[in-house]
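Worksheet: the structure to be examined is printed underneath.
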Amino acid sequence: MSPRSLFWIPIVIRLILISLAIGVSNYFWGATVGILIGFVLVLALALVQLHFLYQLSLWLENPEQIKLADGFGAWTDIFARLYRLRREDQKNRAELAEWLSRFRQAMNLLPDGVVIMDDVLFLEWCNPVAEQHLRLNLERDKGMRVTNLIRSPEFIDYIILGRYEQPLSLTLGERKLIIHLIPFEQRRQILVTHDVTEADRLEQTRRDFIANASHELRTPLTVINGFLEIASHQTDLDSATRAQHIKLMTEQGKRMQNLVEDMLSLTRLESIDYPVRPELVDIRSMLEQIQSDNKALSGGRHEVTLTINGPDINGSADELQSAFGNLVTNAVRYTPEGGRIDIIWRDSELGPQFIVRDNGIGIKPEHIARLTERFYRVDKGRSRETQGTGLGLAIVKHVLMRHQATLTIESELGKGSAFCVQFASSAVV
């Protein structure tokens, strides 16, 4: 049966019943009584309809808390359909809320910042990454104009001029961001921020590395090429001069070889395709070898002591020998004649420690934080004298990172330095 029939049939039946009641009353009690009874019945019917209309009005004002009556007559079907529509609406709202929750969760997991604005640049929503990138706070800043929140002339020009084909490179504090504005719908805009700080730093590091490596290789090559040119033009050089030239070329050639080997070692240590292959490291044997090698390097000019009071560990023996050897060799090179270098291996509450302590020239505080940078030199002139490549401590840093160890440096100018390597207790066999 159609909805129209369901609505009109009960009303027609009620009108017929009222007409019959009026006719019967008129027959038995006269026309006046019949009209009065008819009036009362029509009024009662109208009051019932007004009651249900009032109930509907109350429900429409607050459908969440007020329960709709079961109804009477045509109202029963009307209320039933309203209930069905209400349930469907609740279901649609629940699905919409679930999709909105998923959308926000997905946006929160993005590595990039996302800001949604209206057509007049008022903030509607942003994810946590955008809050970090742009120093926003959604709870505090929602409904405010974005150009009032991000006080950057470059950003304001980019927004106002509307040249969105190319992204904007913007520096905010210590972050370097790439910002792209995307028109969305008719009255929405999406602002996407991408943090390129680390990528920019790595690119700068790469450029510095190439420049420094080229500079370091240029000096020995210049020396070798210079002596070769002299030899080719002055064939009558005396044997002493020729021997001196050959000695210098050999030294510079070895310096280049050491530099290339250190560069290859550093590249290998940084590669994710070159994992640590742990093995049992015989600490005593390794440190005794390092002590012997550095005594030979010192040539008797220093006192090199060794104290071992700790366990063996798991790790890469070759990498650890390179790192420990670099630390001890640096101590020998930068400690004046008659100085003392102490090599210590001991256990601690946090795990094993390797310490190299000297009473050498020391390091100024402003240099300590940068010592493990590639080619960083405290004193370039002295570094040339010691024949260092400038990559030793960078290699140490990467070896320790691969072994979950940390390096702490303490130094006082003119009094000496202490390099402490802290291993985790899990490194112990």
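Nothing in this text is a laboratory measurement; each read-out follows from the coordinates by a stated rule. Fair warning: this is a prediction, and the values are worked out from it, not measured in the lab. No Cβ is skipped: glycine too gets one built from the backbone with ideal geometry, and neighbour counts run over all protein chains shown.
Numbers at a glance
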read-out	value
Sequence-distant residues sharing a close amide H with Ile363 (under 5 Å, placed H)	Glu412, Leu413, Gly414, Gly416
Glu410/Asn314 FRET efficiency (R0 25 Å; Cβ-Cβ; nearest 0.05)	0.35
Span per principal axis, largest first, for the Cα atoms of segment 310-383 (Å)	39, 30, 23
Relative exposure of His180, His133, His302, judged by other C-beta atoms within 10 Å (fewest first)	His180, His302, His133
Dipole magnitude of segment 94-161, debye to nearest 20 (Cβ charges: Lys/Arg +1, Asp/Glu -1, about Cα centre)	220 debye
Cβ-based exposure ranking for Ile230, Ile150, in which fewest neighbours within 10 Å come first	Ile230, Ile150
Cα-based Kirkwood hydrodynamic radius, segment 110-257, one decimal, Å	19.8 Å
Anisotropy class of segment 279-427 from Cα gyration tensor, a/c 1.5 cut	prolate
Virtual spin-label span in nm between Thr222 and Ala106, 7 Å along Cα→Cβ	5.9 nm
Sequence-distant residues sharing a close amide H with Phe375 (under 5 Å, placed H)	Leu391
Residue among Val399, Ala369, Ile409 farthest towards the positive dipole end of segment 279-427, charges placed on Cβ	Ala369
Compactness index (Cα Rg / 2.2 N^0.38 Å), segment 110-195	0.97
Residue order, fewest to most beta carbons within 10 Å, for Leu327, Leu297	Leu297, Leu327
Kirkwood Rh in Å, taken over all unlike Cα pairs in segment 232-352	17.5 Å
Where labels lie 7 Å past Cα in the beta-carbon direction, separation of Gln204 and Arg370 in nm	1.1 nm
Gained length - Leu50 relative to Arg301, 0.36 nm times residue gap less alpha-carbon distance	79.2 nm
Extension gain from Glu88 to Arg145, taking 0.36 nm per residue of separation minus the Cα-Cα distance	16.8 nm
